[in-house]
Amino acid sequence: MTEFIKKGIGYCFFIIIPVFFLAGCSSEKGGSLGNTKYESFTTVKKLLLSKVYDTRKRTFYCDCPFTADKHVGSSKKFKPKKKSARSSRIEWEHIVPAHAFGSTFKAWHKTYRPWKCWLSFLPWVKCRSVKGRENARRASVEYRYMESDMYNLVPAIGEVNQARSNYPFRIIRGEKREYGPCDIEISDRKAEPAPRIRGTLPGHISIWTGHIRVGKLSNQKKKRCSINGTGLILSRNRSASGVGKLKPYRVIRILL
C-alpha cells in the first residue's frame, strides 16, 4: 500500500510539473501579443501625451521641451529649416516606420473605392478612394493594433518626423546639421540620430517586436520589422538606456 502511494505521488509530480511549465509558456506567448486593446491611433496619441509623457515633455531626437497642447517653443536645441506649423509642434513618430510593417499587409498595396463612388456623377455624392496607410487601417484590425502600439511611438518635432520619413538608421559621414544644434542628420534616404539616443532605439524595437503578432509574417517580413532589418545602430548598453527612455511601466499601466 505504501509503495502504491509513493508511485502515485511520483506520477502526480511528473504530470503536474509539465502542466505548470506549459502554462508558463502559454502565458509568455499570450504576453507576446502586445497591444490588443487600442485600435485607435488617435486615442493612443492622447494617452501618450497625458499618461506617459505627462511629467517629462521632451522631444525624442532634439530633446526640446513641449507643452501639453503639443507646442514646441523656441529652443536653443533646434533650428527649423523653415518656419511652419510642423516645426513648432510635436507629432508621434513610429521608430519602426509604419511603412515597414504596413507594407506587409495586402490592403496597403490596394486602392479601396467605396461603392458610392459609382454615383459620383451626382453632385451631392462625395467620394474619396483610399490606399496605403488609410486602406490598411480601414481593412485590418491587426494593422490598427500595430500602428497604435505605444512601445513604438515617441514624440518628435513635426518637421523632423517628416524629414526622417521611413528611412533606416545609418551612420552618415560628416556632420551636416540641417537643424542647428539638434544632432540628427538625414541624407541619401538615411537618418543618423544623436549618440545619446542610439542606445535607446534597440530597446524600443526589442520590446515592440517582442510584443507584436508576427506569426503570420514571412521570415523576410519579420526581418524588416526587426532591429537589424530597420538598420538600427546598436549600443553595448542598449537594454538599460532603452528601458529608461521608454518608461515601459507607464505604457504597461495603460495597456492593462
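Tally Lys/Arg at +1 and Asp/Glu at -1 over every other residue whose Cβ is under 14 Å from the Cβ of Val72; what's the total?
Net charge in that neighbourhood comes out at +4.
With r as the distance between the Cβ atoms of Gln162 and Asp63 and R0 = 22 Å, compute the FRET efficiency 1/(1 + (r/R0)^6) and round to 0.05.
The formula returns an efficiency of 0.75 here.
Ranked from highest to lowest mean number of other Cβ atoms within 10 Å per residue, what is the order of the peptides 102-114, 152-164?
Top of the packing list down: 152-164, 102-114.
Where a number appears in this text, it was derived from the coordinates with a stated rule and is not lab data. Since the model is a prediction, treat every value here as computed from it, not as a measurement. Cβ: placed from backbone, ideal geometry, glycine included. Neighbour counts: every protein chain shown.
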